[in-house]
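Rule-based calculations on the coordinates, nothing more; no lab input. Please read all numbers here as calculations on a predicted model, not as lab measurements.
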Amino acid sequence: MGKFSMWLQRITYGRYGTDNLNKFLLTVSLICIVANVFIHSYALRLLTVLLLILVYCRMFSRNFPARARENERYLAMTNRFKRSNHSGSYSSGTGYGYGYGANTGYSGPRPKATKQKADPNYKILRCPACSGKLRVPKGVGKINITCPHCNLKFVKKV
Ligand SMILES: [Zn+2]
């Protein structure tokens, strides 16, 4: 498996590679391959081949923005499903923590801040291509964002 991923990395260098949408498409095509064993359908076999070609084309594409847009659309679609499961769960964070002050009686070492406090002036976004975290200023309208992880440039309204 290690050799395979190294080979994949070399092959996909400078290419778009795998994203959430490709993982999903790959999973569907694998299900189709398994289904092909039981169901001898020409249409199913054709669908499997088409899916694999699609995954292959997206993986080796150099048109990053177009692939990222497709992935973003896919993620937006799945997010809508996920969100409908627990609607109305908005966090009511006040932004003020329970500081370890002199009057709390806490004398030990301060615990390391594992979770950064949400800055009300900033918003955390996910890069549509590599899903890396991006911190952007909030409420300034449309901004050009360059992902620090994969250098993808995209425009987002914040
Ligand atoms: Zn990125």
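For region 20-30, just list the computed ³J(HN,Hα) in residue order, Karplus coefficients 6.51, -1.76 and 1.60, θ = phi - 60°, integers in Hz, with x standing in for Gly and Pro.
4, 5, 5, 4, 5, 5, 5, 4, 4, 5, 5
Report ³J(HN,Hα) in whole Hz for each residue of region 48-58, in order, from the Karplus equation J = 6.51 cos²θ - 1.76 cosθ + 1.60 where θ = phi - 60°; Gly and Pro get x.
Those phi angles translate into 4, 4, 4, 4, 5, 5, 4, 4, 4, 5, 5 Hz.
Given H placed on each backbone N at 1.01 Å, which residues far from residue 122 in sequence or on other chains put an amide H within less than 5 Å of it?
Answer set, sorted by chain and number: 138.
Quick check of the Kirkwood formula: for region 1-63, what is the inverse mean of 1/r over all pairs of different Cα atoms, in Å?
On the way: mean 1/r = 0.0789 Å⁻¹.
One decimal place: 12.7 Å for the Kirkwood radius.
Measure up 123/153; 133/157; 3/153; 23/82 against 21 Å on the Cα-Cα distance and list the ones that go over. The partial results should precede the final answer.
Working: 123/153 17 Å; 133/157 16 Å; 3/153 32 Å; 23/82 18 Å.
Violating the 21 Å limit, Cα to Cα: 3/153.
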